[in-house]
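The structure under discussion appears below in the form of C-alpha cells.
The values are calculated or read from the model by the stated rules, or taken from the named source; none is laboratory data. What you are looking at is a predicted structure, and each value in this text was computed from that prediction instead of being measured. Using ideal geometry, Cβ is built from the backbone for each residue, glycine included, and neighbour counts are taken over all protein chains shown.
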Amino acid sequence: MDLPKKFIIASILPYKQSEEEAFLDLKELKDLVDAYGGEVIEYVLQKREVHSKGHYLGKGKVEEISELIKSTDADGVILNAIVKSNQLFEMKKIFQESNPKIEVWDRVQLILQIFSKHAQTTEARLQIDLAAMEHMGPRIYGMGFVLSRQTGGIGTRGIGETNTELMKRHWRSQKKKIEEKLNKLKEERERQLERRVKVGIKTVSIIGYTNAGKTSLFNIITGKNKLVENALFATLDSIVGKVYLPTSKEEILLSDTIGFIKNLPASLIEAFRSTLLESLHADLLLHVIDSSDSDSMRKIETVEKVLFALQVEKKPRMYVFNKIDSIDDEKIKLFSDEYEEYSPHFISVKNNIGIDILLQDIDNYLHTKK
Ligand SMILES: Nc1nc2c(ncn2[C@@H]2O[C@H](COP(=O)(O)OP(=O)(O)OP(=O)(O)O)[C@@H](O)[C@H]2O)c(=O)[nH]1
Ligand SMILES: [Mg+2]
C-alpha cells in the first residue's frame, strides 16, 4: 500500500488559544509533514471549544473536507490533535466516499510515521511499533500504519476491517511479543549502564526540543559525524561518545538522543524511556535550545514538562542556547535574565562560539559537586 503524500490539515482552534499560537501550531504541523516527506495542500480551521463525539470535527467541517478531497488530489487528512482511533475511523469512512484511498491521521500518527521512517536500530523500530499499537489500539490494522519487519507486521494488513475479534486477539499477542523483545534489549542496556557506573564514568546527556541542534553539538564535541538535518526528528536513537574534559583530563561520556515535541502522549514517552535511559541516569543534562526560534520559550516549557513526565525534573541541568549567530544581544540578555538559575550558556555550533567555555564549565561542574 502506498502511504499518503498530499494532505489536508485540519485544526480545532479553542477559543482560549490566540491566533498567534494557533498559527505556530499549524506551522509546526507543516514542518512535521515536511519531515515526513509530504505536502500540505489545504488548511481547514474550526473554531469550537468541545470536539464533536462521533467524528471529532463538526458536521459542517467534515462536509467541507469531503468536498475538498473531491476537488483536489489529497490522499490524506491530518488532525492537529490527539484524536481517539474510533473517531478517526468514523471520519475515514466518510472521507472514503470522496476518495477510497484516503488515510486519516492524528498528530501522533504523523509523528509515528516520521519516527518509523528515521528509525535505525531494531530497538527504535520496536518501540515505535509498540507506541503505535498502544495509540491506535486494535484498529491499527486498518489505519494505514505499517508495522516494521521486526514486529512481524507483514501479512497482518487487512484483518482490521473484517474481523474484530481476530484483530483484537492478534493485536494482543503481537503487542506481547514486542514487549518481550524490548525487555531483553532493555536489560542489555541496563547492564551496560551498570558497568559504566561501576567503573565510575560520568555521563552528560544532551536533551531538548527537536531541531534545536543537539546532534550538531554532540558532533562538534565528540568529533563524530552523526546525521544533522533541518528536519524534525532526525535523531531517534541514543548515541554515546567519549569526551576528554579540558582541565581535569577526565574521560566522560556524552549522549545525544531523540528530541522532544509538544502533544506527545504518555505512551510515546513511555515507549522511549529506555532510549532516554542514558539521560535519565546522567550526572548532568544539557538542555539545548534553538535561540533563534520565535517560539523558543514555549518549547523550553514543553521540554520541562517531558522531563517531569520522565521524573527527572530534579536532575541538574544547564541551558545551552544554540544558534546565537542568528539572534541579537538583546535576546541573549533576555534569556540570561529569564533563565539565570539554569546557568545559561550561549553558543553557536555553526560558528564554533562558546563551545570551549561550555566544556570548561561542564568540567568545573562535575568536579565541584558533592
Ligand atoms: N544557524 C545555526 N544553525 C544551526 C546551528 N547548529 C545547528 N544548526 C542547524 O539546525 C538544524 C538542526 O540541527 P540538528 O543538530 O540535527 O538538531 P537536533 O536537535 O539533533 O534535531 P533532531 O535530531 O531532529 O531532534 C540543522 O539544519 C543544523 O544545521 C547553529 O549554531 N546555528
Ligand atoms: Mg538530532
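Numbers at a glance
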item: Single residue of region 187-224 satisfying the filter (over 20 Å from the mean Cα position of the chain (by Cα) and hydroxyl-bearing (Ser, Thr, Tyr)) that is nearest to ligand 1 (Cβ to nearest atom); result: Thr222
item: Residue in region 224-239 that is without any contact (Cβ under 8 Å) to a residue 60 or more places away in the chain, surrounded by fewer than 21 Cβ atoms within 10 Å (Cβ to Cβ) and away from ligand 2 (no atom under 13 Å from the Cβ) present; result: no
item: Matching option when the condition is loosely packed, with under 14 Cβ neighbours inside 10 Å and free of Cβ contacts under 8 Å to residues at least 40 places away in the same chain, among Ser52, Ser66, Ser18; result: Ser18
item: Qualifying residue in region 285-293 (condition: among the small types (Gly, Ala, Ser), farther than 26 Å from Leu359 by Cβ and in contact with a Lys or Arg (Cβ under 6 Å, 6 or more places away or on another chain)); result: no
item: Check on Leu110, assigned to a helix (DSSP H, G or I) and modelled with pLDDT under 90; result: no
item: Residues satisfying the stated conditions in region 79-103, i.e. farther than 17 Å from Gly60 by Cα and among the β-branched types (Val, Ile, Thr); result: Ile82, Val83, Ile102
item: Yes/no for Leu217 being touching a residue at least 60 places away in the same chain (Cβ under 8 Å) and either within 18 Å of Lys305 (Cα to Cα) or of a type in the set (A, V, I, L, M, F, W, C) (or both); result: yes
item: Residues within region 344-356 that are touching a strand residue (DSSP E or B) at 6+ places or on another chain (Cβ under 7 Å) and more than 9 Å from ligand 1 (Cβ to nearest atom), tallied; result: 4
item: Which listed residue is of a type in the set (A, V, I, L, M, F, W, C) and under 24 Å from the mean Cα position of the chain (by Cα), from Leu68, Leu24, Leu57; result: Leu24
item: Sole residue being acidic (Asp, Glu) and outside any helix (DSSP H, G or I), chosen from Glu42, Glu21; result: Glu42
item: Matching residues in region 255-271 - criterion: being away from ligand 2 (no atom under 16 Å from the Cβ) and not aliphatic (A, V, I, L, M); result: Lys262, Asn263, Pro265, Ser267, Glu270
item: Those residues of region 272-295 which are within 13 Å of ligand 1 (Cβ to nearest atom) and either farther than 30 Å from Val199 by Cα or part of a strand (DSSP E or B) (or both), in sequence order; result: Leu286, His287, Val288, Ile289, Asp290, Ser291, Ser292, Asp293
item: Region 238-271, residues that are farther than 24 Å from Met297 by Cβ, assigned to a loop (DSSP other than H, G, I, E, B) and out of contact with any His (no Cβ under 9 Å at 6 or more places or on another chain); result: Ser238, Pro246, Lys249
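Table: residues versus (1) within 11 Å of ligand 2 (Cβ to nearest atom); (2) surrounded by fewer than 14 Cβ atoms within 10 Å (Cβ to Cβ).
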site: Leu193; (1), (2): no, no
site: Val197; (1), (2): no, yes
site: Thr203; (1), (2): no, no
site: Lys214; (1), (2): yes, no
site: Asn219; (1), (2): yes, no
